[in-house]
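Input: a single structure, listed below in structure tokens.
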Amino acid sequence: MKVVPIESLAWESDHPTGSLAFKYLLAGDDFSPDNFVLLLARQDHRFATERHRHNFDQFRFPIRGDMNVGSGVRLPEGQLGYFTEGAPYGPQDDPLEPSSPEPRTHLTLQFGGATGYGYLGPKRLRACRDELRRDGEFVDVFYRRHDGTTQSGLDAVWQHAFGAKLKYPKPRYPGPIIMDPDSFQWLPMADAPGVESKHLGTFTERGIWAEIVRLPAGASWTPPVAAARRLLFVLSGVGRIDDAGIARHAAIQLDGGEQTRIVGKETVELLIFGLPAVVAAEPVAKARAEPQPA
């Protein structure tokens with residue numbers, strides 16, 4: 001088990017557009033098709049990108065302020081969006097509107113999809129971008145070489161990291177799926193008096209899922225042992241998980257087979273993502289272990 005208090009992390013301004021700063025909460029293994037990153041993003045400037053797609057899956061959850069995810073398509077504050085691998089979305093255009101008393105923020109989970117192509121994590125991504133800047137520049141979501149040729153930024157980084165052309169899987173769904181938790185009913189949890197949950201959805205043949213669990217003050221919950229990795233994000237409240245304190249915006253990682261006990265000191269709401277192992281016919285390409293010369 002891993003517990004990460006949000007106060008222990010610094011903001012890192014490394015988005016290619018320069019519009020966002022991140023706190024990287026939890027991350028996996030670049031060499032695994034199960035790789036992932038869970039991050040909190042803060043918008044510092046106007047955020048705009050062209051219509052684009054990725055070869056990995058995403059969940060996005062605006063904590064403060066809505067998010068534009070395409071022409072006429074908004075992901076409202078407090079709602080959850082699922083973006084399947086290979087499906088295009090955008091263009092995005094979010095002016096920096098006031099969102100007092102806190103800046104516009106959202107939670108993002110990016111992870112390798114059911115196809116098995118994997119996910120390139122933020123540290124390796126930064127290293128590849130730095131190496132590629134010797135021969136070009138990143139503009140919006142594109143990479144423009146000094147010889148005038150242009151390529152998708154993700155395509156360029158992927159090819160540099162893995163030595164193979166990036167492939168996009170056929171989308172499982174045509175576009176973002178937006179879930180409004182307020183439209184779901186709280187259901188009681190078996191063997192945990194007072195604890196309730198909202199199951200928001202299960203997706204693809206991998207069986208990834210998202211749910212919200214609520215523990216009132218004094219209640220305890222022992223999540224059933226599962227084979228899947230689970231990532232928990234504290235939406236609100238104060239409590240404990242085993243011997244560690246948890247509070248608003250803390251992140252918790254439970255790997256397959258791990259068991260724990262959560263107690264609410266105040267009412268605690270947890271957003272939980274379930275990530276079963278990837279079983280794919282085409283495994284992720286083997287990444288280069290060391291940066292390559294330009």
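When the range 208-248 is filtered for residues that are over 10 Å from ILE272 (Cα atoms), open to solvent by less than 20 Å² (accessible area, probe 1.4 Å) and under 19 Å from the mean Cα position of the chain (by Cα), the ones remaining, listed by number, are ILE208, ALA228.
Of all residues being of a type in the set (Phe, Trp, Tyr) and within 19 Å of SER183 (Cα to Cα) in the range 61-92, which is most open to solvent (accessible area, probe 1.4 Å)? Just the residue, please. Reasoning before the result, please.
Within the range 61-92, the first condition is being of a type in the set (Phe, Trp, Tyr), and the residues that meet it are 61, 82-83, 89.
Remaining after also requiring within 19 Å of SER183 (Cα to Cα): 61, 82.
Working: PHE61: 18, TYR82: 1 Å².
By that ranking, first place goes to PHE61.
Here is the figure for the range 117-151: residues that are aliphatic (A, V, I, L, M) and within 19 Å of PHE47 (Cβ to Cβ) total 3.
State whether the residues of the range 273-280 include one that is loosely packed, with under 15 Cβ neighbours inside 10 Å, under 22 Å from GLY201 (Cβ atoms), out of contact with any Ser or Thr (no Cβ under 6 Å at 6 or more places or on another chain) and modelled with pLDDT of 95 or more. Yes - at least one qualifying residue is present in the range 273-280. With respect to (1) assigned to a loop (DSSP other than H, G, I, E, B); (2) modelled with pLDDT of 90 or more, the lone exception for LYS167 is condition (2). For the range 22-56, the candidate set comprises residues that are crowded, with 19+ Cβ neighbours inside 10 Å and of a type in the set (Gly, Ala, Ser); within that set, the residue that is nearest to LYS165 (Cα to Cα) is GLY28.
Among residues of the range 13-63 being free of Cβ contacts under 8 Å to residues at least 40 places away in the same chain and either touching a Lys or Arg at 6+ places or on another chain (Cβ under 6 Å) or part of a strand (DSSP E or B) (or both), the one that is nearest to PHE83 (Cα to Cα) is LEU20.
Name the residues in the range 1-23 that are closer than 30 Å to ALA226 by Cβ and of a type in the set (Ser, Thr, Tyr), would you?
Passing the criteria: only SER8.
Restricted to strands (runs of 3 or more DSSP E) entirely inside the range 195-259, those with at least 2 residues that are at negative phi and among the charged types (D, E, K, R) are 196-203, 208-215, 229-236. Among the conditions (1) of a type in the set (Val, Ile, Thr); (2) over 18 Å from VAL3 (Cα atoms); (3) modelled with pLDDT under 95, VAL225 misses just one, which is (2).
Among what's in the range 175-207 and is at pLDDT below 95 and out of contact with any strand residue (DSSP E or B) (no Cβ under 7 Å at 6 or more places or on another chain), pick the residue that is surrounded by the most Cβ atoms within 10 Å (Cβ to Cβ). My answer is ASP191.
For the range 93-143, residues that are in contact (Cβ under 8 Å) with a residue 24 or more places away in the chain, open to solvent by less than 10 Å² (accessible area, probe 1.4 Å) and assigned to a strand (DSSP E or B) total 5.
The values are calculated or read from the model by the stated rules, or taken from the named source; none is laboratory data. Here the structure is a predicted model, which is why all the values come from computation and not from measurement. Note that we place each Cβ from the backbone using ideal geometry, even for glycine, and neighbour counts take in every protein chain shown. Keep in mind that these areas ignore ligands, DNA and RNA; they rest on the heavy atoms of the full protein, side chains included. Shrake-Rupley method; radii C 1.70, N 1.55, O 1.52, S 1.80 Å.
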